[in-house]
1. Whole number in Å², please: accessible area per residue of the range 41-170, 1.4 Å probe, ligands, DNA and RNA not counted.
2. If a/c stays under 1.5 just call it rounded; otherwise compare a/b with b/c (prolate if a/b is bigger, oblate if not). Do that for the range 113-258, with a ≥ b ≥ c from the square roots of the Cα gyration tensor eigenvalues.
3. Among residues other than ARG101 whose Cβ falls under 15 Å from its Cβ, what is the net charge (Lys/Arg +1, Asp/Glu -1)?
4. For VAL128, what is the net charge nearby, where nearby means another residue's Cβ is under 12 Å from its Cβ and Lys, Arg count +1, Asp, Glu -1?
5. Within the range 60-89, name every residue whose backbone N is under 12 Å away from a label modeled 7 Å from Cα of GLU151 along the Cβ vector.
6. How about LYS140: which lysines have a C-alpha closer than 23 Å to its C-alpha, ignoring those fewer than 8 places off in the same chain?
7. Sequence neighbours fewer than 8 away in the same chain don't count; with that in mind, list the aspartates and glutamates whose C-alpha is under 15 Å from LYS176.
8. Given a 1.4 angstrom probe, I'd like the percentage of the accessible area of the range 148-226 that is carbon and sulfur, rounded to a whole number.
Amino acid sequence: MCNFAFGCICGALLVCAAAIFLLWNEGRAVRRAQILDEALSLCHPLASNEVVFDTHNGHLVHLTGSLTTTEPLIDVQFGVSIWSARLRRTVEMYQWVEERRTTEHEEDGETRSVVTYHYTREWRKELVDSRFFDEQWLHKNPSTFPVGYKEWRAPQTTVGSFHLSPALIELLSDWKPVQLSVNQEMEREGVDIYNNFIYYSRNPWSPDVGDVRIRYDYAGLSDAANPSHVSIIACQSPGGELTAYFSPDMGEELLLLHYGIESHEVSPTHLSCWI
């Protein structure tokens with residue numbers, strides 16, 4: 001009876017917590033829409049992104065254009081390069097993974113628990129410490145990665161004559177895979193390419209524990225032949241840097257980037273694109 005009452009109380013508390021969370025989340029969404037509506041109405045649309053006018057310093061501006069960078073991003077270890085604002089190297093290792101399972105059964109009128117351990121091999125981005133496995137002597141993982149995760153950012157990313165701040169570059173997050181091909185650096189490393197992954201493995205189709213695979217992704221293409229087009233709403237700072245805009249009336253910072261060409265005009269259609 002006590003367990004039943006306890007369960008009812010817990011259930012009621014969970015329902016209340018869920019309702020509070022939904023109301024809070026809905027309130028945030030409404031507040032966000034109000035802030036965007038106000039921001040778009042305050043925004044100064046720039047007719048051109050090629051000229052920086054000091055009269056707009058400290059004001060919220062809207063501009064569109066293509067991303068440009070001064071040099072390609074390069075991972076010299078594997079000879080991977082691309083013209084983009086961001087490049088990241090993700091590394092996974094094939095490792096043992098332990099799963100602990102608990103089952104219960106009745107024995108001599110008592111409930112007894114039985115713990116068993118099951119092991120699988122999986123690609124993981126983080127090291128799985130096998131020293132604490134129940135059967136560590138049979139399932140041992142390496143203690144380090146031969147190569148680690150890394151991200152590169154262009155020293156300067158611009159739209160016309162305007163410079164993107166680090167916070168704005170962080171919004172360039174449409175990660176897409178870099179198409180890889182074998183080069184001299186990879187041959188020196190003794191690696192192969194399968195399914196657009198670089199493999200440290202004798203047999204990528206049947207990997208062993210300790211094998212490593214690497215992939216590359218980019219965001220914010222700045223290739224002159226096919227650059228990413230973006231629309232930005234930000235504060236124009238001296239020198240043409242685009243930073244976060246803060247208004248005491250709105251009570252929070254505003255910094256927006258949208259892929260493609262979007263208007264600053266206040267309308268339900270345009271507002272939904274910036275949310």
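1. Averaged over the residues of the range 41-170, the accessible area is 59 Å².
2. oblate
3. Local net charge: -3.
4. Net charge around VAL128: -1.
5. 86-89
6. Answer for LYS140, where 23 Å is the Cα cut-off: LYS125, listed by chain and number.
7. Excluding near neighbours in sequence, the set is GLU151, ASP217, ASP223.
8. 44
The values are calculated or read from the model by the stated rules, or taken from the named source; none is laboratory data. Only a predicted model underlies this, so the values are computations on that prediction, with no experimental measurement involved. Glycine gets a Cβ as well: all are built from the backbone with ideal geometry, and neighbour counts include every protein chain shown. When the accessible area is computed, the model is the full protein with side chains, heavy atoms only, and any ligands, DNA or RNA have been set aside. Shrake-Rupley method; radii C 1.70, N 1.55, O 1.52, S 1.80 Å.
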